[in-house]
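The structure appears right after this line, and notes come after that.
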Amino acid sequence: MSKLNQDTRTLNSIDTNTGIAMVLLFVAVGFLLSREILPAWLIRIPEEFIPPLAVWLDLIFNFIKDDLHLIDLTRAISGGLEVLLDITANLLYGRNRWPKLGPIPWAAVCASFVILAYYLGGFKLALLALVTFVWTAMIGQWKIAMQTMSVLTLAAPLAVVIGLGLGVTAWKFKTFDKSIRPILSILQTLPFFTYLLPAVIFFKVGPTAGAVATIMFAIPPMILMTTLGLRKVSTEIVEAGHMSGCTRWQMLSRVYIPAARTEILVGVNQVIMLCLAMVVLTAFIGMPGLGAKLLAMMGSFKIGRSFEIGITIVLFAIMLDRMSKAWVLKQPVHFDRGTKWWQRHKYFLLSLLAFLFFLLLSQIIPILAEVTRKQSFSQGKEIDKIIKGFLAIDAIKNTTEWLRWFLNVKVLIPFRNSLLWIPTPAFILIIMGFGWYLAGKKEALIAGIFFTIVAITGWWDRSVITLYTVISAVVLATFIGLPLGILAARSVKWSSRILLACDTAQTFPSFIYLIPAIMLFGVNDVAVVFSILIFAAVPLTRYTIEGLRGVPPEMVEAADMSGATRFQRLLTVELPLALPTMGVGFNQAINFAFFMVIIAAFIGTQDLGQELQRTLAGTELGKNFVLGMNVSLMALSFDFIITKWTETRKQALGLGS
């Protein structure tokens, strides 16, 4: 009976939401129809009514920085970080700093990593590590790769330690957890440029600022996964710890953290991947390494060299992702009491011996220590010729030119102009209407407030252009991701193959997606949308497959027994049941698109990303924060609406509580 009453309330709620949504949309249509007679202040907020938020924030930041002497604290921290970065830089690529022992020969690093990879994941993972390091060395990119890794080897452990500490604190104190949750949500949706300028101002340009921005960017998932893992520890394990007389510290270190090992290591995996993604992007603030080289090559349109660097970044991303995931899956090995030390640590000893062997061998065979430019197998110029020759083929050239013309003239520009034509109040009402229809009152009001804040910041048109790019890319990605996912879900073999491809693609740093876009379409709006489209199609494909494969078999059998065709079964049974899972894919696709649209500012856009990139040339921290906040507020609006719709849909289908 209670279930029936709950279903009735849900239906009544849906009817009410639909009615209010229709009212909001009708009012919005009224604004559109009467646009020609509307006063100017109802079309766009007049400049005199726009508060100088950037100026106010600059005053606050300057007060904190100078009057409260935060700059002195950050510069002291910067000095400590610089010492640590100098050590990793000297060891990995031979920067002339203490301890002046480097650079470590590439063959020694390769050998120790191959054995570590074998220990974690077996022969295939060891082979992946071998290919990654040999490729990097032989292609002549070892030094720039180690410049990137010198920051990563410091930033990732610090992000893990800080995130673990904050996660434990959030788990222990509910007030702290409640206060930090909204901050983490904002941090996870802020564009990466918003992290860069504060790092430059407070920690100086270069590797130090790059390390700080990378650490800040990577901390949130570690906090969330630590808190999640500690909360999932079973009461039986906790009671066993108390009964054995553990102290508070022993309970945490010997009971809770080991029991939450899987979730914590998933957090470590996410930290490593976010660190790699961010450390590549810190090229915008003078961080040397793979990102800086890729930025320079793409800027001069050297596609061949960009392609080679892109492969290096992808190989490192896949290797680090697979190794950290293998660590998650690998269970601790317990030895009998009395087992000899060398038997318990044989892989560590093998790794150390291999390191020392190749360290000595590199003194005899110089190519094992360093592959010089003349010795490298780089084929950048040849690849450049092949790619440009391929793109010059009439069929390819005509196709890409037609696509560029069609998408620009017939789709993108008219869509952008249509969105810019809509009066601001009507735009906000449309967002609220769809939010109310999909999610309900709370999420619609939050979206309305967030978009109103965006309007009063004075960056409405730029924000609308950003949104136009995101919507265009996600809609086009849907036409690729959904059919691909539906086709792959028909077969277990193809499902596993496409899911593996999606997992691999999600490890790629976002910069990589710019390369094929620039290759095919040059520098224009189509290239921007195309790069975002590739990035956003991955979660759409993945969650379509997972949603369809997760449909209960008895529901499929019932549809077959009722005589439904394959198409009818898909349309009336499988897709409706898979929609909640697919909704997660749409949510991720939109968030990925908001992240990628800011990176695509490198290609040349007229949105918030372009303005954010310009702030890096100065010290306009207030403007930088306002622009970043606008991106975050728009992304959070869609996140809240889709998340709520997914939960409601699951409840309606009886798939979740």
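The values are calculated or read from the model by the stated rules, or taken from the named source; none is laboratory data. Bear in mind that the values here come from a model prediction, so they are computed numbers and not experimental data. Every residue, glycine as well, gets a Cβ built from its backbone with ideal geometry; the counts of neighbours run over all protein chains shown.
Applying the selection to the stretch 327-344, what residues are of a type in the set (Val, Ile, Thr) and loosely packed, with under 10 Cβ neighbours inside 10 Å?
VAL333
Out of all the residues in the stretch 417-437, is one or more of a type outside the set (A, V, I, L, M, F, W, C), farther than 23 Å from VAL27 by Cα and either surrounded by 16 or more Cβ atoms within 10 Å (Cβ to Cβ) or assigned by TED's automatic domain parsing to the domain that holds ILE641 (or both)?
Among the residues of the stretch 417-437, not one is of a type outside the set (A, V, I, L, M, F, W, C), farther than 23 Å from VAL27 by Cα and either surrounded by 16 or more Cβ atoms within 10 Å (Cβ to Cβ) or assigned by TED's automatic domain parsing to the domain that holds ILE641 (or both), which makes the answer no.
Tell me which of these PHE335 doesn't satisfy, since it passes every other one: (1) more than 30 Å from LEU514 (Cβ to Cβ); (2) in a helix (DSSP H, G or I); (3) among the aromatic types (Phe, Trp, Tyr).
(2)
Do you know which of the residues in the stretch 357-376 that are surrounded by 13 or more Cβ atoms within 10 Å (Cβ to Cβ) and in a helix (DSSP H, G or I) is farthest from the chain's Cα centre (by Cα)?
Among those that are surrounded by 13 or more Cβ atoms within 10 Å (Cβ to Cβ) and in a helix (DSSP H, G or I), it is LEU361.
For the stretch 490-526, how many residues meet the condition of being of a type in the set (S, T, N, Q), in a helix (DSSP H, G or I) and either closer than 22 Å to PHE595 by Cβ or not assigned by TED's automatic domain parsing to the domain that holds TRP405 (or both)?
Here the count works out to 3.
Identify all residues within the stretch 87-139 that are closer than 18 Å to LYS330 by Cα and not hydrophobic (A, V, I, L, M, F, W, C); write none if there are none.
Residues satisfying the conditions are TYR118, TYR119, GLY121, GLY122, LYS124.
Return the total of residues in the stretch 496-508 being buried (at least 17 other Cβ atoms within 10 Å of the Cβ) and farther than 10 Å from ARG542 by Cβ.
2
Yes or no: the stretch 555-569 includes at least one residue that is closer than 29 Å to PHE640 by Cβ and either buried (at least 23 other Cβ atoms within 10 Å of the Cβ) or out of contact with any Ser or Thr (no Cβ under 7 Å at 6 or more places or on another chain) (or both).
no
Out of the stretch 357-375, which residues are touching a residue at least 24 places away in the same chain (Cβ under 8 Å) and among the aliphatic types (A, V, I, L, M)?
LEU359, LEU361, LEU368, ALA369, VAL371 - these are the residues of the stretch 357-375 that are touching a residue at least 24 places away in the same chain (Cβ under 8 Å) and among the aliphatic types (A, V, I, L, M).
Looking at this structure, is LYS381 surrounded by fewer than 17 Cβ atoms within 10 Å (Cβ to Cβ), of a type in the set (Lys, Arg) and either in contact with a Gly (Cβ under 8 Å, 6 or more places away or on another chain) or within 30 Å of LEU265 (Cα to Cα) (or both)?
yes
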